[in-house]
Amino acid sequence: GDVPALVWRFDLHSAVVSSAALAAAGLTAASLDPPGGALERDASSGELTGMLIDEAVVQVSKLAPPPSKPARREAVAAATRLAAAQGATLVCDLTDFQGDDDTAFADLLGTFAAAADAGELRARVFAYAPLRRRAALEALVAERGYAHGERGMVSWGGLKAFYDGSLGSRSALFKEPYADGVQGERGLNVTDLAWLRREAAAAAVAGLSVAVHAIGDQAAKEVADVLASLPLPPRQSTAFGPGMGKHRVEHLQHWPAEWDAEPALAAETLRGLAVSVQPTQYSADAPTLEARLGAQRAGRAFALRSATDAGAELLLGSDWPVVPLDPLGAVRAAVQRGGGEDITADAALRASLAAPLEQGGWADFVLLD
């Protein structure tokens with residue numbers, strides 16, 4: 001229509017936009033797919049349908065001004081109130097991924113630290129910055145250290161990047177094609193591998209941890225290989241556990257077949273890394289997994305026990321707002337995973353803890369009835 005409009009898919013990896021939005025972004029049938037993204041086209045006419053995948057969405061979303069500073073600060077405060085109401089005393093913010101790296105980095109001080117100073121946070125925040133702002137975070141750490149404020153409500157020291165997309169948008173990167181997609185379709189590389197390797201290495205040398213989104217099995221293997229090659233970052237803050245400071249594979253949703261064939265390779269790669277998994281996402285994906293991937297690959301989704309057996313530090317999260325912010329629901333889903341990939345309730349609870357108790361550390365308690 002005549003009104004520019006953008007409607008996100010719930011996984012935030014694809015969106016439908018109006019013809020007016022396409023025009024405002026200068027996108028036509030002659031436009032090429034951007035690196036790390038795709039413009040869906042009508043099979044007959046070649047015209048754009050308005051469905052945009054991953055980095056293609058940024059070409060439209062960047063035209064909209066970001067929410068105001070007060071709105072962003074209130075959103076953060078409201079999110080921590082929701083987290084606290086669900087029993088979460090620590091949340092990780094993995095940055096605004098919609099192409100606006102400057103605003104995402106400015107949030108560290110302008111939103112999170114300001115909200116902490118005003119007493120508006122009801123949960124601690126470990127705030128990541130975009131990997132593309134590595135130099136800026138290095139300078140911030142050199143000036144202020146890894147934590148803000150006497151109460152340790154906000155910490156930073158991590159950098160985040162995306163390597164592929166999502167299963168639902170068929171942009172997660174797999175070694176073999178999707179079972180229900182266009183012939184040969186394997187997903188997308190959102191970030192160049194050579195650039196990721198170079199920037200991640202520079203970050204690690206500077207004492208920063210690196211978290212990289214990897215959903216598909218090929219993405220998981222390539223990202224884990226990069227992170228395993230990095231020097232371990234220092235323990236960044238007594239307010240947070242070692243999993244917050246380790247390099248981490250974000251999601252590792254689909255276990256690579258190479259690691260099943262060579263368990264020692266998986267152990268060599270994952271030992272010393274953190275793996276952040278969202279078990280409640282399995283419940284959302286389960287009805288479509290087999291149709292999308294085939295039975296064998298579907299059975300290797302959310303391989304919680306395999307990850308822990310390989311020596312990775314398992315972290316359970318929600319990926320909110322993609323799925324509900326429900327820590328106990330994540331524990332339940334991990335225990336009920338089935339297929340030989342479930343973990344014990346004790347292991348699931350430990351994977352949900354911000355840090356072990358230690359002298360000099362911050363202690364937040366949740367009472368479970």
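The values are calculated or read from the model by the stated rules, or taken from the named source; none is laboratory data. This structure is a prediction, so every number in the text was calculated from the model and none was measured. Counting neighbours? That spans all protein chains shown, and the Cβs are built from the backbone with ideal geometry, glycine included. Areas reflect the complete protein model, heavy atoms only, side chains present, ligands, DNA and RNA absent. Shrake-Rupley method; radii C 1.70, N 1.55, O 1.52, S 1.80 Å.
Numbers below:
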{"item": "Index of the failed condition, Ala77 passing every other in (1) closer than 29 Å to Ala116 by Cβ; (2) among the hydrophobic types (A, V, I, L, M, F, W, C); (3) touching a Gly at 6+ places or on another chain (Cβ under 7 Å)", "result": "(3)"}
{"item": "From the options Gly216, Gly184, residue that is in contact with a Pro (Cβ under 6 Å, 6 or more places away or on another chain) and either open to solvent by 50 Å² or more (accessible area, probe 1.4 Å) or closer than 30 Å to Ala298 by Cβ (or both)", "result": "Gly184"}
{"item": "Residues that are modelled with pLDDT under 95 and either part of a loop (DSSP other than H, G, I, E, B) or loosely packed, with under 12 Cβ neighbours inside 10 Å (or both), drawn from region 8-31", "result": "Arg9, Phe10, Asp11, Leu12, His13"}
{"item": "The one condition in (1) in a helix (DSSP H, G or I); (2) under 22 Å from Gly317 (Cβ atoms) that Glu268 fails to fulfil", "result": "(2)"}
{"item": "Single residue of Ala363, Ala354 found to be part of a loop (DSSP other than H, G, I, E, B), surrounded by 14 or more Cβ atoms within 10 Å (Cβ to Cβ) and modelled with pLDDT under 90", "result": "Ala354"}
{"item": "Residue within region 298-320 that is assigned to a helix (DSSP H, G or I), under 19 Å from Phe174 (Cβ atoms) and free of Cβ contacts under 8 Å to residues at least 12 places away in the same chain present", "result": "yes"}
{"item": "Residue within region 131-152 that is closer than 22 Å to Ser352 by Cβ and open to solvent by less than 30 Å² (accessible area, probe 1.4 Å) present", "result": "yes"}
{"item": "Selection status of Pro35, of a type outside the set (Lys, Arg), touching a Ser or Thr at 6+ places or on another chain (Cβ under 6 Å) and at pLDDT below 95", "result": "no"}
{"item": "Residue match in region 41-57 (condition: touching a Leu at 6+ places or on another chain (Cβ under 6 Å), of a type outside the set (D, E, K, R) and in a helix (DSSP H, G or I))", "result": "yes"}
{"item": "Evaluation of Ser45 against (1) open to solvent by less than 50 Å² (accessible area, probe 1.4 Å); (2) polar (S, T, N, Q); (3) more than 17 Å from Asp100 (Cβ to Cβ) (one fails), failing number", "result": "(1)"}
{"item": "Residue in region 237-254 that is more than 17 Å from the chain's Cα centre (by Cα), modelled with pLDDT of 95 or more and open to solvent by 10 Å² or more (accessible area, probe 1.4 Å) present", "result": "no"}
{"item": "The one condition in (1) within 18 Å of Ala214 (Cα to Cα); (2) under 17 Å from the mean Cα position of the chain (by Cα); (3) surrounded by 20 or more Cβ atoms within 10 Å (Cβ to Cβ) that Ala330 fails to fulfil", "result": "(1)"}
{"item": "Scan of region 79-111 for residues that are open to solvent by less than 10 Å² (accessible area, probe 1.4 Å) and within 18 Å of Gly149 (Cα to Cα), ordered by number", "result": "Thr80, Leu108, Thr111"}
{"item": "Residues being closer than 26 Å to Ala264 by Cα, open to solvent by less than 40 Å² (accessible area, probe 1.4 Å) and part of a helix (DSSP H, G or I) - total across region 284-297", "result": "1"}
{"item": "Residue list for region 272-291, restricted to those being in contact with a helix residue (DSSP H, G or I) (Cβ under 8 Å, 6 or more places away or on another chain) and of a type outside the set (S, T, N, Q)", "result": "Gly272, Leu273, Ala274, Val275, Val277, Pro279, Tyr282, Leu289, Glu290"}
